[in-house]
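S.K.: One structure is given below, represented as structure tokens, and several questions about it will come after.
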Amino acid sequence: MFSNLKNLLRYRGLIQSLVARELKARYRGSVLGFFWSFINPLLLLSIYTFVFTVILPNQNKDAQPYALFMFCGILPWNWFASSLLEASTALVAGGNLIKKVLFPAEILPLVNVFANMVHFFLGLTILGAFVVGYRHWPDPAGLVWFPVAVLVQLVFTMALALFFAALTVHFRDVRDLLANVLMFWFFATPIIYPWLDPNVVRFKSLFNLNPFTHLVVSYQEILFFKGPVGHAKWLLALGAISIVMFLGAYWFFDRLRDSFAEAV
Amino acid sequence: MHAIELDNVSKIYRRYSGRQFSTLKSALLQRSLMQNLRPNEMFPALTDVSFTVPKGATYGVIGKNGSGKSTALKLVAGITKPTTGTVRVDGRVSALIELGAGFHPEISGRENVFINGIMLGLTKREVQERFDEIVDFAELREFIDAPVKTYSSGMYMRLGFAVAIHVDPDVLLVDEVLAVGDEGFTHKCLDKFSEFRRRGRTILLVTHSLSLVERFCDDALWLDNGHAMTHGDPRRVVDAYLTNVEHSEAALLAATTARAVEGAKKKGRDGPEGQEGKDARQERRGTGQDGRDRRDGQDRRASQEPKRDGPAPVADMSQSVEGRWGSREVEIVDVSFVDRDGQPSFVFHSGDPLTVRVKVRAVQPTNDFVFGVGLFNAEGVCCYGTNTFLEDMTPERLDGDAEYTFAIDSLDLVEGTYKMDVAVHKLDGYPYDYHRLLYTFRVKSRTRDVGIYRPRHSWNFSRGIRFKQQ
């Protein structure tokens, strides 16, 4: 297993070009092309802004401007959810490769995770534009934690992506199941409602069980709270757990590896 | 020094046939998850196969469809792992298994070349260096920046082949890919293979083209049903394989014939009505091309005078379907084809002798009988037909069980499947027992000449014309 992991590093050039291909291919043939990566989050942000500042205004004073607050959670969530959905079908869709080319199969779901990470970064530029527009300046001390949060999320997402990709080969209904689970998970995570809302605090211990809560809260704290990020120790704990999860998922993937060429 | 070494390799594919309905949900509900993950059917694709390919050799693998050739190749490529045994490969492997696997249709040929090359184990720089060579080899210079989805299937394959071959592997695995591209491209591929050999690279070739194996390979392996039947000198292996193919073809033809005879028997019994109608239509017809009683019913009796030179209504004959009819006053009990050694056979080589042995049984003694045979090719064209009457034999007596043979000294036919009519009827054509197209045999030939009949022939050339000595 560890030799395979090391092998994976050798293939980083391939992962790079596959991610580039994925991004290029996605918008090939559309008029606006790469701009869709900006337009999509922009439109989303406009809708949320309208709904939560005009129709259902949220008055929580720690979370203003509210649109920006939500965006802090929605962008990482999109990265996470799209990665898992795409990764879960990656092996089945890439069956031709697995059957005909000697090729480490784990590259396929990982490419989905990385491609969505690039979209996440592109979305961040929109977020940045809004930060400037609202003149809502984050604390530079908190900003240091941003790469840590991204890294933790990356490992966490890769772990689940590998796990679901391997599972979908044998149980095709994982994909549909996953779509519904992600929907539920989205609303169970303090993304469109603030973590410090009294109604949320009542269930705090339950929310603490949700790993994505800690990621989202970390992102929000980086942008919305003064001083060092209070959620940092949760984030680091999640990071440690993610590494264990990644190793576990990789082991699971490795165990099933030989069955892929026959089952897809 | 061996480039490829397979040691007692078996590959068992597991089949999960009980899995149709077991989705994750139902598997969890029925608590049968673990049970379902266990395979319930094994399919051995390879059993105890061992072979070694020395460095620099070209090794051919032949065998029927489903004999495990591709599995062996995938094992060598490392795409699948052997269930038992070990596979050792020395050096960089490139597999021409499916060309252009992994091409993305939306992006350009150029980008696909890079990604495919990296996938096959090159670095970006190596692809860069070989890029022009690849594009020239694929003959796609003007289209290289168009998206691959706009390529024709030939262009697609050529590009895939070009990339794979330029990986410059130590061991090249080729699975029946020479069928892509036009004649010119095939030649180019063969040239490339030759160049590989000259440079001391190892090639493992899986193919149905036996001539390619004979021409190209230093060694060959014949796989049958996952077992290594024989290996060694390509000519010998190919011959052994061809002999086996003949045997199984013979078995198939025997089964076909038995079924046809059985089917005809049954039809005759089950549907006397329809059979009578057919009798009425057919009874005016003798065997072969005699044509003498193919007149209207009224003058059938009158035309006892045989018209031997009557036109052969081949089209009419070819419309006939296999079957059996007749009164059975004289019955054809058994028909067999016998080869040169007196052994029953269904496969003959062009130019071989063939003897048709027919057992008949007369219910009552009779002096009115004609034995006939008709020979048809697969398209239903009558190749030859004759009977004892046409050959001026006057019947005197047939009683009880008897046997006759119809011996062909030399089967001067081109390769193909042939069917035979065997019949016994009255002098006026009234059928006792008519077996239409029930007996099938195959003629094999190494010469791929065309037509039906192969006259004995020879070529002679004056001075000034010379051919290469084979």
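The values are calculated or read from the model by the stated rules, or taken from the named source; none is laboratory data. Here the structure is a predicted model, which means the values were calculated and not measured. Note that each Cβ is placed from the backbone with ideal geometry, even for glycine, and that neighbours are counted across all protein chains shown.
S.K.: Can you tell me which residue among A:Val217, A:Val200, A:Val244, A:Val152 is more than 14 Å from chain B (Cβ to nearest Cβ) and in contact with a Gly (Cβ under 6 Å, 6 or more places away or on another chain)?
M.R.: One residue alone meets the criteria, A:Val152.
S.K.: Right, next: Of all residues in the stretch A:169-198, count the ones that are hydrophobic (A, V, I, L, M, F, W, C) and either over 14 Å from A:Glu86 (Cα atoms) or not in a helix (DSSP H, G or I) (or both).
M.R.: Residues meeting the conditions: 12.
S.K.: So, one more: Going through the stretch B:62-93 one residue at a time, which ones are of a type in the set (D, E, K, R) and more than 10 Å from chain A (Cβ to nearest Cβ)?
M.R.: Scanning the stretch B:62-93 gives B:Lys64, B:Lys69, B:Arg88, B:Asp90, B:Arg92.
S.K.: Right, here's the next one. Out of curiosity, is B:Thr394 surrounded by fewer than 14 Cβ atoms within 10 Å (Cβ to Cβ) and at pLDDT 90 or above?
M.R.: yes
S.K.: Can I ask one more? If the requirement is being buried (at least 19 other Cβ atoms within 10 Å of the Cβ) and away from chain A (no Cβ under 12 Å), which of these qualifies: B:Phe131, B:Phe51?
M.R.: None of the other options fit; the residue is B:Phe51.
S.K.: So, in the stretch A:139-149, exactly how many residues are farther than 15 Å from A:Lys233 by Cα and surrounded by 16 or more Cβ atoms within 10 Å (Cβ to Cβ)?
M.R.: 1
S.K.: Next up: Here are B:Leu96, B:Leu120, B:Leu140: which of them is facing chain A (nearest Cβ under 9 Å) and either surrounded by fewer than 18 Cβ atoms within 10 Å (Cβ to Cβ) or under 36 Å from the mean Cα position of the chain (by Cα) (or both)?
M.R.: Exactly one of B:Leu96, B:Leu120, B:Leu140 is facing chain A (nearest Cβ under 9 Å) and either surrounded by fewer than 18 Cβ atoms within 10 Å (Cβ to Cβ) or under 36 Å from the mean Cα position of the chain (by Cα) (or both), namely B:Leu120.
S.K.: OK, next. Any chance you could count how many residues in the stretch B:87-107 are part of a strand (DSSP E or B) and in contact with a Pro (Cβ under 6 Å, 6 or more places away or on another chain)?
M.R.: Summing the residues that are part of a strand (DSSP E or B) and in contact with a Pro (Cβ under 6 Å, 6 or more places away or on another chain) in the stretch B:87-107 gives 2.
S.K.: Can you name the condition, by its number, that A:Ala87 falls short on among (1) in contact (Cβ under 8 Å) with a residue 40 or more places away in the chain; (2) over 30 Å from B:Ile79 (Cα atoms)?
M.R.: Just one mismatch for A:Ala87, condition (2).
S.K.: Just checking, which of B:Leu190, B:Leu205 is part of a strand (DSSP E or B), within 30 Å of B:Lys64 (Cα to Cα) and more than 14 Å from chain A (Cβ to nearest Cβ)?
M.R.: Among B:Leu190, B:Leu205, only B:Leu205 is part of a strand (DSSP E or B), within 30 Å of B:Lys64 (Cα to Cα) and more than 14 Å from chain A (Cβ to nearest Cβ).
S.K.: Let me ask another. Mind listing just one residue for me: the one in the stretch B:225-239 that is surrounded by fewer than 18 Cβ atoms within 10 Å (Cβ to Cβ) and in contact with a Ser or Thr (Cβ under 7 Å, 6 or more places away or on another chain) and, of those, farthest from B:Asp339 (Cα to Cα)?
M.R.: So, considering only residues that are surrounded by fewer than 18 Cβ atoms within 10 Å (Cβ to Cβ) and in contact with a Ser or Thr (Cβ under 7 Å, 6 or more places away or on another chain), the one farthest from B:Asp339 (Cα to Cα) is B:His227.
S.K.: Does B:Glu111 qualify as being of a type in the set (Asp, Glu) and outside any loop (DSSP other than H, G, I, E, B)?
M.R.: yes
S.K.: Out of B:Arg215, B:Arg201, B:Arg125, I need the residue that is out of contact with any helix residue (DSSP H, G or I) (no Cβ under 8 Å at 6 or more places or on another chain) and surrounded by 20 or more Cβ atoms within 10 Å (Cβ to Cβ). Which one?
M.R.: Result: B:Arg201 is the single residue among B:Arg215, B:Arg201, B:Arg125 that is out of contact with any helix residue (DSSP H, G or I) (no Cβ under 8 Å at 6 or more places or on another chain) and surrounded by 20 or more Cβ atoms within 10 Å (Cβ to Cβ).
S.K.: Still on this structure: Can you tell me how many residues within the stretch B:143-161 are more than 14 Å from every other protein chain (Cβ to nearest Cβ), in contact with a helix residue (DSSP H, G or I) (Cβ under 9 Å, 6 or more places away or on another chain) and in a helix (DSSP H, G or I)?
M.R.: 5
S.K.: Looking at (1) of a type outside the set (Val, Ile, Thr); (2) over 25 Å from B:Gly342 (Cα atoms); (3) surrounded by 15 or more Cβ atoms within 10 Å (Cβ to Cβ), which is the only condition B:Ala378 fails?
M.R.: (3)
S.K.: Let me ask something else. Being within 14 Å of another protein chain (Cβ to nearest Cβ), buried (at least 19 other Cβ atoms within 10 Å of the Cβ), more than 20 Å from A:Gly94 (Cα to Cα) and at pLDDT 85 or above: is that true of B:Val171 here?
M.R.: The answer is yes for B:Val171.
S.K.: Look through the stretch B:100-117, keep the residues that are within 9 Å of chain A (Cβ to nearest Cβ) and among the hydrophobic types (A, V, I, L, M, F, W, C), and return whichever of them is nearest to B:Thr207 (Cα to Cα).
M.R.: By that ranking, first place goes to B:Ala101.
S.K.: Where in the stretch A:1-75 are the helices (runs of 4 or more DSSP H), entirely inside, with at least 2 residues that are within 14 Å of another protein chain (Cβ to nearest Cβ) and more than 20 Å from A:Gly133 (Cα to Cα)?
M.R.: Fully inside the stretch A:1-75 and qualifying: A:2-10, A:12-27.
S.K.: Just one of (1) more than 19 Å from A:Gly73 (Cα to Cα); (2) modelled with pLDDT under 90; (3) assigned to a helix (DSSP H, G or I) trips up A:Val148, so point out which.
M.R.: The number of the failed condition is (1).
S.K.: Right, something else. Can you find even one residue in the stretch A:82-92 that is part of a loop (DSSP other than H, G, I, E, B) and within 21 Å of the chain's Cα centre (by Cα)?
M.R.: Within the stretch A:82-92 (the criterion being part of a loop (DSSP other than H, G, I, E, B) and within 21 Å of the chain's Cα centre (by Cα)), the answer is yes, since at least one residue qualifies.
S.K.: Any idea which of (1) without any contact (Cβ under 8 Å) to a residue 24 or more places away in the chain; (2) in contact with a helix residue (DSSP H, G or I) (Cβ under 6 Å, 6 or more places away or on another chain) is the one B:Gly380 doesn't satisfy?
M.R.: Against the list (1) without any contact (Cβ under 8 Å) to a residue 24 or more places away in the chain; (2) in contact with a helix residue (DSSP H, G or I) (Cβ under 6 Å, 6 or more places away or on another chain), B:Gly380 comes up short only on (1).
The rows are residues; the columns are (1) hydrophobic (A, V, I, L, M, F, W, C); (2) buried (at least 22 other Cβ atoms within 10 Å of the Cβ); (3) at pLDDT 85 or above.
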{"site": "A:Ala87", "(1), (2), (3)": "yes, yes, yes"}
{"site": "A:Gly95", "(1), (2), (3)": "no, no, no"}
{"site": "A:Ile107", "(1), (2), (3)": "yes, no, yes"}
{"site": "A:Thr125", "(1), (2), (3)": "no, no, yes"}
{"site": "A:Phe130", "(1), (2), (3)": "yes, no, no"}
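S.K.: Could you list, in sequence order, the residues of the stretch B:119-138 that are touching a residue at least 40 places away in the same chain (Cβ under 8 Å) and not hydrophobic (A, V, I, L, M, F, W, C)?
M.R.: Answer for the stretch B:119-138, where residues must be touching a residue at least 40 places away in the same chain (Cβ under 8 Å) and not hydrophobic (A, V, I, L, M, F, W, C): just B:Gly121.
S.K.: If a residue must be in contact (Cβ under 8 Å) with a residue 24 or more places away in the chain and either small (Gly, Ala, Ser) or surrounded by 15 or more Cβ atoms within 10 Å (Cβ to Cβ) (or both), how many such residues does the stretch A:189-201 contain?
M.R.: 8
S.K.: Could you grab me the full set of residues in the stretch A:155-193 that are aromatic (Phe, Trp, Tyr) and within 12 Å of another protein chain (Cβ to nearest Cβ)?
M.R.: Listed by number, the residues that qualify are A:Phe164, A:Phe171.
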